[in-house]
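All remarks here apply to the structure that follows.
The values are calculated or read from the model by the stated rules, or taken from the named source; none is laboratory data. All values reported here derive from a predicted model rather than from experimental measurement. With ideal geometry, Cβ positions are generated from the backbone for all residues, glycine too; neighbour counts draw on all protein chains shown. Accessible surface is based on the protein model in full, side chains and every heavy atom, while ligands, DNA and RNA are left aside. Shrake-Rupley method; radii C 1.70, N 1.55, O 1.52, S 1.80 Å.
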Amino acid sequence: MDQQTQTELEAAAFRTLLKHLDKRKDVQNIDLMILSGFCRNCLSRWYKNAAIERGIEMDDDTSREAIYGMTYDEWKKNHQQPATAEQLEAFNSVTPEMTTE
């Protein structure tokens, strides 16, 4: 497979992931972090870092809007639930093992 095709497939997979996460607004970031070690905020940070590596200036708000499909404040207001004691306990038990690049 040539590099262009690989890049196109990776981009298509990423767009599908974003669509899936958009459909699953019920899945909270803390749950994603507990289960997978990354969340929507991680994706937005990776997106921003990729832009910066390519000489494109980008701030957190812009990268979060690209991932969330809305401003982060809108997301929190409309979709983010307070973390439960169980979620916080699970998050704290796995956080030291997590690494997000």
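Calculated from DSSP H runs of 4 or more alone, at -39500 (n - 2.57) each and per residue, what is the 222 nm mean residue ellipticity of the chain, nearest 500? All intermediate terms of the calculation are to be shown ahead of the outcome.
On the way: 6 runs with 70 residues, N = 101.
Taken over the chain, the calculation gives -21500 deg cm²/dmol.
Note on segment 6-101: dipole from Cβ charges, positive end direction compared against 52, 68, 39; the farthest Cα belongs to 68. Between residue 19 and residue 84, the contour length at 0.36 nm per residue exceeds the alpha carbon distance by 20.8 nm. Once all protein chains are placed together, residue 70 keeps about 30 Å² accessible to a 1.4 angstrom probe.
Between residue 71 and residue 1, the simple label model (points 7 Å from Cα in the Cβ direction) yields a spacing of 3.9 nm. Working note: Cα atoms of segment 44-99, range along each principal axis, descending, whole Å: 41, 30, 12. With the largest listed first and rounded to whole Å, the semi-axes of the equivalent ellipsoid of the chain from the Cα gyration tensor are 26, 16, 14.
Using the Cα centre as the reference, give the magnitude of the dipole from point charges on the C-beta atoms of the chain (Lys, Arg: +1; Asp, Glu: -1; all else neutral), rounded to the nearest 20 debye.
Values: 12 positive and 18 negative charges, 62 e Å.
Dipole about the Cα centre, nearest 20: 300 debye.
Computed from phi, the 3J(HN,Hα) profile of segment 12-23 under the Karplus parametrisation 6.51, -1.76, 1.60 (θ = phi - 60°) reads 5, 5, 5, 4, 5, 4, 4, 5, 4, 5, 5, 6 Hz, with x in place of Gly and Pro.
Of the solvent-accessible surface of the chain, computed with a 1.4 Å probe and all protein chains present, 52% belongs to carbon and sulfur.
If you roll a 1.4 Å probe over the heavy atoms of the protein chains, what accessible area per residue do you get for the chain, in Å²? Could the numbers behind the result be given before it?
Working: 7200 Å² over 101 residues.
On a per-residue basis, 71 Å².
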